[in-house]
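Notes follow the structure.
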Amino acid sequence: MTKQERYEQLLPQIASLIEGERDEVAVMSNVVAALHEAMGFFWTGFYRVKDDVLVVGPFQGPTACFRIAYGRGVCGTAWKTGQTQVVPDVEQFPGHIACSSLSRSEIVVPLFNADGTVRAVLDIDSKELATFDETDRHYLEQLCKML
């Protein structure tokens with residue numbers, strides 16, 4: 001099955017899974033579990049904006065950084081710019097925060113409040129270089145709009 005086919009199968013399942021649930025942490029927890037299992041990523045999780053810092057939220061994978069400052073690393077940059085960050089080689093990203101030395105590529109997608117401010121980011125890491133592309137960006141941005 002192609003990456004696109006996996007996403008096209010997964011997104012309706014996630015929509016059904018989260019339908020009617022209003023607790024943000026519960027939703028994020030099940031979304032991360034479904035995404036991580038279906039796609040086989042190294043690390044899949046959310047960082048939530050709390051008190052002007054990103055704080056680790058529900059995730060699957062090895063331990064993670066607890067807090068990330070505004071504009072720092074890939075997650076902080078996605079928060080600051082409000083734009084998805086696709087990083088083929090984390091070693092080449094200025095100011096990359098290495099929560100795990102095994103992470104080689106990364107994608108971070110912002111989630112927005114109704115007023116357009118970033119409320120969280122979806123962070124996904126891979127042990128391989130150049131794992132993420134426009135297909136990932138497209139479907140993960142759709143996923144984040146559902147939340």
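Values computed for the structure shown
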{"item": "Partnerless Cys - the chain, beta-carbon criterion under 4.7 Å", "result": "Cys75, Cys144"}
{"item": "Cα-only Debye scattering, region 1-59: base-10 log of I(q)/I(0) at q = 0.23, 0.24 Å⁻¹", "result": "-0.96, -1.00"}
{"item": "With DNA, RNA and ligands ignored, accessible area of Met1 (1.4 Å probe; Å², nearest 10)", "result": "140"}
{"item": "Per residue accessible area of the chain, 1.4 Å probe, in Å²", "result": "53"}
{"item": "FRET E, pair Ser100, Arg22, Förster distance 35 Å, beta-carbon r, rounded to 0.05", "result": "0.60"}
{"item": "For region 111-134 versus region 87-104, the gap between their alpha-carbon centres in whole angstrom", "result": "14"}
{"item": "Relative contact order for the chain, counting Cα pairs under 8 Å that sit 6 or more residues apart, in percent", "result": "21"}
{"item": "For Gly57, distant residues with modelled amide H under 5 Å away", "result": "Phe46, Tyr47, Arg48"}
{"item": "Contour minus Cα-Cα distance for Gln4 and Gln83 (0.36 nm per residue)", "result": "26.3 nm"}
{"item": "Using a Förster distance of 22 Å, the FRET efficiency for Thr63-Gln92 (Cβ separation, nearest 0.05)", "result": "0.35"}
{"item": "Cα convex hull of region 85-147 - mean projected area over all directions, nm²", "result": "4.5"}
{"item": "Rounded percent of accessible protein surface that carbon and sulfur make up, the chain, 1.4 Å probe", "result": "47"}
{"item": "Heavy atoms of Thr77: accessible area, 1.4 Å probe, square angstrom to 10", "result": "30"}
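The values are calculated or read from the model by the stated rules, or taken from the named source; none is laboratory data. Quantities reported herein were computed from a predicted structural model and do not represent experimental measurements. Using ideal geometry, Cβ is built from the backbone for each residue, glycine included, and neighbour counts are taken over all protein chains shown. The accessibility values were calculated without ligands, DNA or RNA, using every heavy atom of the protein model including side chains. Shrake-Rupley method; radii C 1.70, N 1.55, O 1.52, S 1.80 Å.
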